[in-house]
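Asks: What follows is a structure written as C-alpha cells; I'll ask about it next.
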Amino acid sequence: MPKTSFRSVSFLLCLAVIVSLLSFSSSPARHAQAQTPEPTATVKPLGSQEGTITIWADRVRTPVLEAIGKDFTAKYNVPLRVQELDFGSIRDQLKIAGPAGEGPDIIIGAHDWLGELATNGLLSEIDLGDKAKSFDPVTLTAFTYNGKLYGVPYASEAVALYYNKDLVPTPPATWDELKAIAKKLQHEKKVEQGYVLQENDAYHFFPIMSGFGGYVFGRDAKGVLNPKDVGIDSAGALKAAEELDSMVKSGLLRAGVSYNTMTDLFKAGKAAMLITGPWELPNMRKSGVNFGVAPIPKMAGTPKPFVGVQGFMVNKFSKNELLAKTFLTEYIATDDAMKAIFDADPRIPAWLPVQKNVKDADLAAFTKSAASGEPMPSIPEMNAVWDAWGKAITLIFQQKASPDQAFQDAGKAIRDKITSGK
C-alpha cells in the first residue's frame with residue numbers, strides 16, 4: 001500500500017481545509033471505517049456522504065481498494081468505503097443515481113462510457129498536473145472527451161496474436177506469412193484450422209480492417225472523432241472485407257465459429273493461431289498448450305487493435321468532489337497504489353513506472369500491441385455501429401452477400417441510425 005512518502009504538502013493542506021469544514025457537519029458517517037458491502041443483489045447502492053469517500057467498483061477491484069482505503073483512512077483520518085457492483089451495471093446505476101444525488105463519489109469504469117456519461121453532465125473534469133507524464137499517453141487519450149480529461153486510468157488492454165509454438169515456432173511477421181502457415185498446417189492435417197476467427201465479432205475483426213486501411217470514425221482537424229465520417233465502407237474497410245471473403249472461400253476461415261469455439265480449438269491444439277486479448281491468459285496457461293503471444297502481423301499497414309482503458313471517474317454530483325479528485329491524483333496516482341491494483345488483476349498498467357517493470361513476457365507482448373492501437377471510440381454514435389458491422393461480417397462468413405455489398409449496406413445503416421438518433 002502507499003507509503004507515508006506520498007503525503008504531499010498539497011494533499012495535506014487540501015485535506016486539512018476539507019476536514020475542518022466538514023467538522024461542522026452532523027453526519028456521523030465521516031467517522032466510520034471503510035466497510036465491506038453486503039451482496040450487491042440485496043443492497044441499495046451507497047451514495048455520497050460528506051466527509052466520506054464512496055467508490056463503486058467491480059468484484060476484482062473491490063478487495064484491493066478496500067485495503068488501500070484502510071491505509072488511506074489510517075493516515076489521513078478520512079473514511080473510505082467501497083461497494084461492489086457488477087461492472088456492467090455501474091454506468092447504468094450512475095445515470096439514475098447521479099442526478100438524484102444518490103450516486104457515489106468515484107466509480108470504476110471503462111473509457112468508452114465517456115460519450116454517454118460526459119455528454120449527460122455526469123462526470124467531473126480531472127487535472128493530473130505534472131503526474132500526467134507518468135501515464136501511458138494512449139490511456140489519457142482514451143479518457144479525454146471533447147478536449148477534457150475525465151478519468152484517472154489504471155489499466156489498458158488490446159488484442160494480440162496467440163500462436164502454438166509446437167506448430168508455429170516463429171510467429172508470422174506479415175499477414176501473408178500467417179495465411180501461408182495456416183494453409184500448410186491444414187493441408188498436412190495437423191490442425192482443423194491454422195488460423196481461427198469467430199464470425200459476427202467486429203471487435204476482433206477491427207485489427208484486420210485497420211491493417212488494410214479501414215476505420216470506424218474519422219477525425220476532424222483538431223483530432224476529435226467525427227461521427228459524420230463513417231469509415232465502415234471506406235476503401236480500406238472494403239479491402240479488409242474482400243480479404244475476409246477470400247479467406248472464407250479458400251477454407252482458411254469457417255462459418256459458425258463462436259468465441260468459445262475459437263478459443264477451445266486453440267486450447268485443444270486444433271487451431272494454431274488466433275487473435276484475442278490478455279483476459280484469455282489464465283485459461284491458456286491452464287490448458288497446457290505451449291503458446292506464445294506476438295504483435296498482430298502487418299498487412300497493407302500496421303494493424304491498430306482497439307485499446308480499452310479502465311480507470312477512476314468522479315461523479316459530478318458528488319458531495320466530496322474536491323476530496324475525491326485529491327484522493328485520485330495524490331493517492332491513487334502513485335507507484336504503490338498502481339502496483340497493488342496491477343497485482344490484483346494483471347493487465348497492461350496505465351502507470352508507466354509500473355508498466356516498465358512488468359516481467360511477464362506475454363503481457364509485454366500485449367503492451368506492444370496496444371502501443372500501435374487506438375482507443376475504442378467513446379462517442380455515443382459508436383452504439384450505432386456494432387450491430388450493422390457485425391451483421392456484415394456474418395454475411396461474408398456465411399457467403400450470403402458480396403463483401404462490398406455487405407459493408408456498403410452496413411455503412412448506410414450506420415449513417416441512417418446516427419441521423420435518426422435511434
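Asks: Considering only Cα-Cα distances, which of the following residue pairs are longer than 25 Å: Lys131/Lys316; Lys75/Lys339; Lys298/Lys368; Lys304/Lys391; Lys95/Lys417; Lys228/Lys316? Before the final figure, lay out each step's value.
Replies: Working: Lys131/Lys316 22 Å; Lys75/Lys339 19 Å; Lys298/Lys368 14 Å; Lys304/Lys391 22 Å; Lys95/Lys417 23 Å; Lys228/Lys316 29 Å.
Result: Lys228/Lys316 exceed 25 Å.
Asks: In whole Hz, with x marking every Gly and Pro, tabulate ³J(HN,Hα) for the range 300-316 from phi via Karplus 6.51 cos²θ - 1.76 cosθ + 1.60, θ = phi - 60°.
Replies: 5, x, 7, x, 10, x, 5, 9, x, 10, 10, x, 9, 10, 9, 5, 4
Asks: Can you tell me what share of the DSSP beta bridges in the chain is antiparallel? A percent to the nearest 5 is fine. Intermediate results must be reported in sequence, preceding the final value.
Replies: Numbers: 28 of 41 bridges.
Rounded to the nearest five, the antiparallel share is 70 percent.
Asks: Sticking with this one: Which length gain, in nm to one decimal place, applies between Asp360 and Trp386 when the Cα-Cα distance is subtracted from 0.36 nm times their residue separation? Could you put the intermediate results ahead of the total?
Replies: Details: separation 26, 0.36 × 26 = 9.36 nm, distance 3.28 nm.
Full-extension gain reported as 6.1 nm.
Asks: Continuing with the same structure: Please arrange Thr394, Thr334 by counting, for each residue, the other beta carbons lying within 10 Å of its beta carbon, fewest first. The partial results should precede the final answer.
Replies: Working: Thr394 19, Thr334 22.
Arranged by neighbour count, lowest to highest, Thr394, Thr334 become Thr394, Thr334.
Asks: Oh, and also: Determine the distance separating the Cα centre of the range 146-207 from the Cα centre of the range 341-389; give it in Å without decimals.
Replies: Cα centroid of the range 146-207 versus Cα centroid of the range 341-389: 15 Å apart.
Asks: Give me the number: length gained by fully extending Lys417 to Ala221, i.e. 0.36 nm times residue separation minus the C-alpha to C-alpha distance, one decimal in nm. The partial results should precede the final answer.
Replies: Working: separation 196, 0.36 × 196 = 70.56 nm, distance 2.46 nm.
Full extension of this stretch gives 68.1 nm more.
Asks: Enumerate the amide H contacts of Val307 below 5 Å, restricted to partners 5 or more residues apart or on another chain; note that Pro and chain-start residues carry no placed amide H.
Replies: Glu374, Met376
Asks: Given the -39500 (n - 2.57) contribution per DSSP H run of 4+ residues, what per-residue ellipticity at 222 nm results for the chain, rounded to the nearest 500 deg cm²/dmol? Please list the in-between numbers first.
Replies: Details: 16 runs with 169 residues, N = 422.
Theoretical 222 nm ellipticity from helices: -12000 deg cm²/dmol.
Asks: In addition: Step through the residues of the range 273-286 one at a time and calculate ³J(HN,Hα) from phi using the Karplus curve (6.51 cos²θ - 1.76 cosθ + 1.60, θ = phi - 60°), rounding each to whole Hz and writing x for Gly and Pro.
Replies: Once rounded to whole Hz, the list reads 8, 7, 10, 7, x, x, 5, 8, 3, x, 5, 5, 5, 6.
Asks: Any idea what the alpha-carbon Rg over 2.2 N^0.38 Å comes to for the range 232-372? Kindly include the intermediate steps, with their values, before the conclusion.
Replies: Working: Rg = 19.8 Å, N = 141, 2.2 N^0.38 = 14.4 Å.
Output field value: 1.37.
Asks: Moving to a separate point now. Counting alpha carbon pairs within less than 8 Å and at least 6 residues apart, what relative contact order, in whole percent, applies to the chain?
Replies: It comes to 24 percent, rounded to a whole number.
Asks: Which residue, Gly129, Gly292, Gly251, has the most motion in a Gaussian network model of the chain that connects Cα atoms within less than 10 Å?
Replies: Gly129
Asks: Measuring from label point to label point, each 7 Å out along Cα→Cβ, what is the Asn77 to Lys270 span in nm?
Replies: The modelled label-to-label distance comes out at 6.5 nm.
Asks: Here's a follow-up. Return P(r) of the chain (all Cα-Cα pairs; 10 Å bins starting at 0; whole %; ordered from short to long distances).
Replies: 5, 20, 28, 23, 15, 7, 2, 0
A short reminder: the numbers here are calculations on the coordinates, not readings from a lab. Quantities reported herein were computed from a predicted structural model and do not represent experimental measurements. When we count neighbours, we look across all protein chains shown, and the Cβ atoms used for this are built from the backbone with ideal geometry, even at glycine.
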